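The values are calculated or read from the model by the stated rules, or taken from the named source; none is laboratory data. It should be emphasised that the depicted structure is a prediction, and the values quoted were computed from it without experimental measurement. We place every Cβ from the backbone using ideal geometry, glycine too, and count neighbours over all the protein chains shown. Side chains are part of the model used for accessible areas, which takes the heavy atoms of the whole protein and leaves out ligands, DNA and RNA. Shrake-Rupley method; radii C 1.70, N 1.55, O 1.52, S 1.80 Å.
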Amino acid sequence: MQEYVIEMNNIRKEFPGIVANDNITLQVKKGEIHALLGENGAGKSTLMNVLFGLYQPEKGEIKVKGKEVKITDPNVANRLGIGMVHQHFMLVHNFTVTENIILGSEPTKGGKINIEDAAKKVSELSQRYGLSVDPHAKIEDISVGMQQRVEILKTLYRGAEILIFDEPTAVLTPQEIKELIQIMEKLVQEGKSIILITHKLKEIMEVCDRCTVIRKGKGIGTVNVSETNPDELAALMVGREVHFKVEKQQATPKDVVLEIDQLVVHDARDIPSVNGLDLNVRAGEILGIAGVDGNGQTELIEGITGLRKVKSGSIKINGKDVTNLPARKITETGLGHIPQDRHKHGLVLDYSIGANMVLQTYYQKPFSKSGILNYGKIYEKARKLIEEYDVRTPSEFTPARALSGGNQQKAIIAREVDRSPDLLIAAQPTRGLDVGAIEFIHSKLIEERDNGKAVLLISFELEEVMNVSDRIAVIYEGRIVDIVDPKETSEQELGLLMAGGKREREGVL
Amino acid sequence: ACGSDEGDSKKGDEKKKTENFKVGLVTDTGGVDDKSFNQSSWEGLKKFGKEFGLEEGKSYRYLQSEKEADYIPNLGKFADGGFNLTFAAGFLLEDAVQTAAEQNSGTNFALIDSLLMDEDFKPVFLDNVAAVTFEEHQGSFLVGVVAAKQSKTGKVGFIGGVDSPLIKKFENGFKAGVKSVNPDMEIIAQYAGDFNKPEKGSSIASTMYTQGADIIYHAAGGTGNGVFTEAKNRKKNGEDVWVIGVDRDQHEEGMPENVTLTSMVKRVDVAVYEISKMAMDGKFPGGKESLFGIKENAIGIAESQENVSKESLKLVDEYKEKILKGEIKVPKTDKEFAEFEKSL
Amino acid sequence: MQNLLKNERLFNILVPVISAILGMLAGAIIMVLGNYDPVAGFEALFSGMFGTPKAIGETIRAASPLILSGLAVGFAFKTGLFNIGVEGQLLVGWLASVWVGYAFELPAVLHVTLSILAAAVAGGLWGMIPGYLKAKFKVHEVIVTIMLNYVALYVTADLIKRYLYAGNEKSYRIHESASLSSPFLSQITEGSRLHWGIMIALIAAVIMWFILEKTATGYELKSVGYNQHASMYAGMNVSKNVILSMTISGAFAGMAGAMEGLGTFQNMTVLSSFTGTGFDGIAVALLGANNAFGIILSSLLFGGLNTAAPQMNFDANVPSELIKIIIALIIFFVASGYIIRVIAARFSKEGK
Amino acid sequence: MSILEILALIIPAALYTAAPIIFTALGGVFSERSGVVNIGLEGLMLFGAFTGVITTLTIQDSVGAASPWVAILVAALASGIFSLLHAVASITLRADQTVSGVAINFLAAGLSLFLIKKIYGKGQTDFVDFRINKVDVPGLSDLPVIGDIFFSRIPYTSYIAILAAIVVWYVIYKTPFGLRLRSVGEHPMAADTMGINVTRMRYIGVILSGVFAGIGGAIYALSISGNFTGGTISGQGFLALASMIFGKWHPLGAMGAALFFGFAQSLSITGAQIPFLKDIPSVFLIIAPYVLTILALTGFVGRADAPKAIGIPYVKGKR
Ligand SMILES: Nc1ncnc2c1ncn2[C@@H]1O[C@H](COP(=O)(O)OP(=O)(O)OP(=O)(O)O)[C@@H](O)[C@H]1O
Ligand SMILES: Nc1ncnc2c1ncn2[C@@H]1O[C@H](COP(=O)(O)OP(=O)(O)OP(=O)(O)O)[C@@H](O)[C@H]1O
Ligand SMILES: [Mg+2]
Ligand SMILES: [Mg+2]
């Protein structure tokens, strides 16, 4: 008789200098959705990579359906019916959906890949689980949500019975999250078991049966979700109490800092993505932009910050027209920008964390005098910011690459906020971070507001927008369709507006 | 002209002279098996060394240059090593010889294929340098005669390595020879711009053959290998085409299809041998130009003559006579050729 | 962490040194296998490298253009670009220096300076072309620089033929006032061709280090090399920096040409094949870890090996190609030496 | 000369000179598609030329006219083995791939001449007795117009090269092996999670590059130069590298680029004898292939996207 489909007993996995998993035990029942919860760097991904055969544990045993197994590589995991949807997608960007799915177990006919056959099979699978995808589309052309479906289909195609989802919702829009949850429920109904890693306690409460918590590489325990609440989970995870509701005073908005008038910005394919947008942000307020991904948020930010040419309309900061000025001119006018993609835009990963701290100011005094850098001053500044913003790093000389995502984000925030810009744009500032880090970042944004700065927050997480903003502008198809007061609006209503306003739609998370 | 044959020394003191005599050769980047003047120089040196019982590697030897910057140090190595005479193979070593000769005034050098030049490109002479040059235009004239005589299409080609005064001597001598026999002959000339691009040689040859030239004279070193390749390919396919080789008897290169009509030979070995002997006899021709031509048996047509017709050979002998007598002055430069052609 | 940094620095030095030694050892083994006398071979090799004052002088002389071409490669590398076009830039620099050295008559210091500048400008412009094409048209710099090498080879040859031809496949000589050669240096090294170019190479190395490590421009150049997107975000002009980097790299390469034109040869030959110095620069930069000081040391090593090759051939009859093999093996060892570094880094991490 | 006559000169010459470049560029495609930069094509090609010639010289007395063909196979094998050095260094030892490629070039140049001197006691080999000849393709060469242009005086190796490009295209784009090879070059970790042995695929990619470059080098030596010297391979490998990039890492693109090079080069040679091109200074014709390539890249070919993971050693579990 088998109670557990998966048993990982006393797993220990070390990396040079760090014990990522220290005697962790995880037991998953058949047909359940089992949450794995822990701070950034707690060791969740590592544990799952061990289960999937990417890493070999130093100690411990793994049992699948009661039988002890050695999972030496992903092929073995596949054969045992274990599939994994990775935190960072494992998709080849210039392959088609089908090619990505069949990779490694391609059906052939006379030595040639039988792509039609494979595509048909993919279609069937996707219909069966409600994962609609175009089998012939290229990965680089489809949305993130769609890409995730491909990841799921990859595991199903190989007949996975146990599915691991590593932070699947961090990159999804509310709609997509909802759909994903439906998919997961369907999978469980089909008799599959799911391990779900997420930082969003709400999701755990909504879909999971049980939850295993790990902290700093150690197993803390497993709880029945029905017998717990978010506060308890958070406390278990962090080891202290966590405040969810952001403490903040009533805003006292002053002069208009950012003034956008009839803005039109085209996207990479030269299609108007921001299309006649008007918006004002005042000093001393946080304006949140809510919207489904792909409604022009990226282009709006790039337009304001000078990273993309504006087709028409105007942008003023503190009354000064900055439309189509070079990025540096705009920054100097008083703009701070926490970019959406911290690895792509936010940091030079091969520079030390110290050098990254002056990415916007290296050419100014006192860091640079007649073109000569003063590294003494630069590292002095860096040390101060590291200290002040609690950036966990071995030293200011450590390459930014070596820091965890949360600490990288803190460094960016330190750099941008420290310049004391009149306008701070924060795009998805907490994506993929744990609750502790989120708490810190939110409090920083509010502090800036209280210092009389204008803050523009763009986030796909409704909860974040609702919690932090003083006003919420809803963006839809490149325009601001409504501006609402978070205190007088429900997530339900907001979701409706985000989906195009009038049309009847069920509320979102 | 110099380079006489009077070096027949008496057996008696030969032993003494040879005991301490050391002679070296610095090649250019080609090395002593380049099937060209480096090889020929080394053959001359070997002949000399063997004949007088010198020890190879000690009393006579060569040093190959890997790059331009090696020339001076290499010449210096021989001077430092107590060599009495060092040959420098090729005009590329001119500057180097000048410098080395100035630095080592106690030893002798011989520069092949060029005079020493000053800044304004006027010849200069140093007492410890012999300048060894050849009358390639004369030999080229002779193979031109053969080409004119044996061409069936009335069209012949010339392929040069790089467009330089030296190679121009080959071109103009050849053209003069052809035109002397038959002023109506058409001659196509092209330079490959490189001595080491066989594929270019092959393409140029292909173009010339296709245009109706049936004999091509090449003075293009390794690029010439491509000319042979092309000719062999064509001959295999039944076309009646020929190549005239250069510097050495290139009969071998034309095999097995046998496409070498004849070759213009330039006996650098003869010159090296002669100069070495003169130096050993204390008659080193320093401070002047030693010119080697038909008269010195250092220029001529190859010994393999199976493909050359009797009539051609006869004609060649006639012209040789005329050149020796000074009745024909073979042109070296484009200007001289233009005048020569007018005089025909 | 302090320890780690120290170890890192130690390894940066240790790996090339160990590699050089291993390379020599391998060379000895090959000599034995090839039936040559390794003792005689190495005796000749070392004496050819630094056995006599003259050998030392020649080694330093050969190192001068290598330093500059190594700097050119290293500078581009550090800013995320691969300049295979050093050879071509060197050729145009060589020609420009000779041209100015021949065509003008000026007081010595001025003339030398101007001739070197001409080389730097010519090489810089030649390097700017691939930089511009990369910045504006996103054309891969590797392929453009390969193509431009050939263009430089044929065009410089043609220009010499057309405007500077002194006969015997070479250009006119430069005036004494433009020459870097030095009777004094030659004398103290007992007749080597050592010239003042080494000073210029050393100054250039300092300049490279200074630009990259000490200036805001260097910060930008490296940043663009590492991450164009972040650089754009930080308000840097990515196109300008790519062009600038290739231009500076080309200028170093051009000065390498001046070493030959004003120093070693005092003229330029009509070349029909590459000098190889530009490609050697890649090896030099790699062995020197793209670091200005490292490049100087590796240039001395490679310069020495190259000048000593004929000596080894002369004294011990070992084919001089052995030097190429040794250099190749050293590069392999350096490259693979990173694994040693990784292992050691792990050890020290555990220890902390 | 009429246009047709000119074409009958240029096209066969282009096909003739392109064959070695095509093979070598195809080798480059294999290696770089698997994610390993291969600057070492020049050296691999050189090694192929070297083994091709010495094999022919060794066996020609007993094997006869077939010896160059046998030699090409031997060269393929030898260069394939030689390329293992690059594979071990850059895949297993995680060496910088560019560095390792440069080392390959140095090593091939030094080793081959060293061995030639050791074996033959001189710096270059004799000419081979049996070459790969230019032929008139039976039947086809008699066709009107195209017979002279496409089927006359061209060695079979040129047709084999074109055929090889098509086969390679099929293998890379239509077979499981190709899909896996490309996936390893684009996103090795994704491939790893799908159970593909990244290291093995990359070894295969690099070894195939050695095999193809070896064939290319041997074809060059046995159809064009006829012997082996220090200067036999001087830049052809880099031209192949350029062809591969020009052809956007696509087998057919690489083939097209190599043919383009061949075409431009033979145009520059033939141009000196074409009436209206005759008056152009020869240097312009000589640099034409290179300048045209740059212009082509700038103008209409557009940006080339290298395989994403190229140049990055794959380390399990590293992000
Ligand atoms: N490949 C690796 N090499 C070295 N150390 C690693 C590696 N991967 C993870 N670690 C270490 O293991 C610890 C656990 O990392 P892991 O990725 O499992 O965290 P996580 O719980 O998934 O965090 P997150 O919520 O941010 O995804 C980290 O602190 C990190 O230091
Ligand atoms: N390959 C690796 N080698 C060494 N350390 C690593 C490696 N990969 C990750 N780490 C370490 O793991 C820790 C956490 O990494 P991880 O990427 O999981 O952070 P994160 O907070 O989850 O970031 P993200 O939000 O981007 O997922 C960091 O301290 C990082 O230094
Ligand atoms: Mg993470
Ligand atoms: Mg994780």
**OP:** Would you point out which residue out of C:Val39, C:Val86 is closer than 30 Å to C:Asp158 by Cβ, modelled with pLDDT of 90 or more and β-branched (Val, Ile, Thr)?
**Re:** C:Val86
**OP:** Look through region A:152-175, keep the residues that are within 16 Å of ligand 3 (Cβ to nearest atom) and modelled with pLDDT of 90 or more, and return whichever of them is farthest from the chain's Cα centre (by Cα).
**Re:** A:Ile164
Subject >> Test for A:Ile71: is it in contact with a Gly (Cβ under 6 Å, 6 or more places away or on another chain) and either within 16 Å of ligand 3 (Cβ to nearest atom) or not assigned by the TED database to the domain that holds A:Phe440 (or both) >> reply: yes
**OP:** May I ask you to verify whether A:Leu54 is out of contact with any His (no Cβ under 9 Å at 6 or more places or on another chain), within 16 Å of ligand 4 (Cβ to nearest atom) and either in a strand (DSSP E or B) or not assigned by the TED database to the domain that holds A:Glu206 (or both)?
**Re:** no
Subject >> Selected residue (criterion: surrounded by the most Cβ atoms within 10 Å (Cβ to Cβ)) from residues of region A:216-254 that are over 24 Å from the mean Cα position of the chain (by Cα), small (Gly, Ala, Ser) and at pLDDT 80 or above >> reply: A:Gly219
Original post:
Counting only residues that are hydrophobic (A, V, I, L, M, F, W, C) and more than 8 Å from chain C (Cβ to nearest Cβ), which one in region D:232-250 is farthest from the chain's Cα centre (by Cα)?
Top reply: D:Trp249
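Here's the yes/no breakdown for (1) part of a helix (DSSP H, G or I); (2) among the β-branched types (Val, Ile, Thr):
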| position | (1), (2) |
| --- | --- |
| D:Phe238 | yes, no |
| D:Ala254 | yes, no |
| D:Gln273 | no, no |
| D:Ile287 | yes, yes |
Original post:
Can A:Ser395 be described as more than 16 Å from ligand 3 (Cβ to nearest atom) and within 14 Å of chain C (Cβ to nearest Cβ)?
Top reply: yes
Original post:
What residue, among those in region C:253-266 that are in contact (Cβ under 8 Å) with a residue 12 or more places away in the chain and open to solvent by 10 Å² or more (accessible area, probe 1.4 Å), is farthest from C:Leu68 (Cα to Cα)?
Top reply: C:Gln266
Original post:
Which one is surrounded by the most Cβ atoms within 10 Å (Cβ to Cβ), of the residues in region B:27-76 that are among the basic types (Lys, Arg) and touching a residue at least 40 places away in the same chain (Cβ under 8 Å)?
Top reply: B:Lys35
Original post:
Among the candidates D:Thr51, D:Thr17, D:Thr58, which residue alone is open to solvent by 10 Å² or more (accessible area, probe 1.4 Å), more than 15 Å from D:His86 (Cβ to Cβ) and free of Cβ contacts under 8 Å to residues at least 12 places away in the same chain?
Top reply: D:Thr58
Original post:
Out of all the residues in region C:168-188, which are within 11 Å of chain B (Cβ to nearest Cβ), more than 23 Å from the chain's Cα centre (by Cα) and open to solvent by 30 Å² or more (accessible area, probe 1.4 Å)?
Top reply: C:Tyr172, C:Arg173, C:His175, C:Glu176
Original post:
Is at least one residue of region A:11-26 open to solvent by 20 Å² or more (accessible area, probe 1.4 Å) and more than 13 Å from ligand 1 (Cβ to nearest atom)?
Top reply: yes
Subject >> Count - residues of region A:344-371 that are within 20 Å of A:Ile304 (Cα to Cα) and within 19 Å of the chain's Cα centre (by Cα) >> reply: 4
Original post:
Would region A:53-68 turn up any residue that is within 14 Å of chain D (Cβ to nearest Cβ), open to solvent by less than 10 Å² (accessible area, probe 1.4 Å) and either more than 16 Å from ligand 3 (Cβ to nearest atom) or of a type in the set (Ser, Thr, Tyr) (or both)?
Top reply: yes
Original post:
How many residues, within region A:367-392, are within 16 Å of ligand 2 (Cβ to nearest atom) and either hydrophobic (A, V, I, L, M, F, W, C) or within 10 Å of chain C (Cβ to nearest Cβ) (or both)?
Top reply: 2
**OP:** Restrict the check to region A:120-134 and report whether at least one residue is within 11 Å of chain D (Cβ to nearest Cβ) and either among the basic types (Lys, Arg) or not in a loop (DSSP other than H, G, I, E, B) (or both).
**Re:** no
**OP:** Pull up region A:407-418, narrow it to residues that are open to solvent by less than 10 Å² (accessible area, probe 1.4 Å) and within 12 Å of ligand 3 (Cβ to nearest atom), then point me to the one that is nearest to the chain's Cα centre (by Cα).
**Re:** A:Gln409
Subject >> When residues of region A:1-33 are limited to those that are in a loop (DSSP other than H, G, I, E, B) and more than 14 Å from chain C (Cβ to nearest Cβ), the one farthest from ligand 3 (Cβ to nearest atom) >> reply: A:Met1
**OP:** Please work out if A:Lys444 is over 27 Å from A:His343 (Cβ atoms), assigned by the TED database to the domain that holds A:Lys311 and either under 17 Å from the mean Cα position of the chain (by Cα) or assigned to a helix (DSSP H, G or I) (or both).
**Re:** no
**OP:** Would you mind stating whether A:Leu36 is more than 16 Å from ligand 3 (Cβ to nearest atom) and either within 18 Å of A:Cys208 (Cβ to Cβ) or aliphatic (A, V, I, L, M) (or both)?
**Re:** no
Subject >> From C:Gly123, C:Gly131, C:Gly101, C:Gly88, residue being open to solvent by less than 10 Å² (accessible area, probe 1.4 Å), more than 11 Å from every other protein chain (Cβ to nearest Cβ) and within 15 Å of the chain's Cα centre (by Cα) >> reply: C:Gly123
Original post:
Does any residue of region D:116-124 turn out to be charged (D, E, K, R), more than 22 Å from the chain's Cα centre (by Cα) and facing chain C (nearest Cβ under 10 Å)?
Top reply: yes
Subject >> Matching residues, region A:425-459, being open to solvent by 30 Å² or more (accessible area, probe 1.4 Å), away from ligand 3 (no atom under 16 Å from the Cβ) and in contact with a Ser or Thr (Cβ under 7 Å, 6 or more places away or on another chain) >> reply: none
Original post:
Among the residues of region A:76-92, which ones are out of contact with any Leu (no Cβ under 8 Å at 6 or more places or on another chain) and either open to solvent by less than 50 Å² (accessible area, probe 1.4 Å) or within 16 Å of ligand 2 (Cβ to nearest atom) (or both)?
Top reply: A:Val76, A:Asn78, A:Leu80, A:Gly81, A:His86, A:Gln87, A:His88, A:Phe89, A:Met90, A:Leu91
Original post:
Of all residues in region D:193-204 being more than 7 Å from every other protein chain (Cβ to nearest Cβ) and assigned to a helix (DSSP H, G or I), which is surrounded by the fewest Cβ atoms within 10 Å (Cβ to Cβ)?
Top reply: D:Arg200
**OP:** Taking the options B:Asp249, B:Asp281, name whichever one is open to solvent by 10 Å² or more (accessible area, probe 1.4 Å), among the charged types (D, E, K, R) and either closer than 29 Å to B:Tyr319 by Cβ or within 17 Å of the chain's Cα centre (by Cα) (or both).
**Re:** B:Asp249
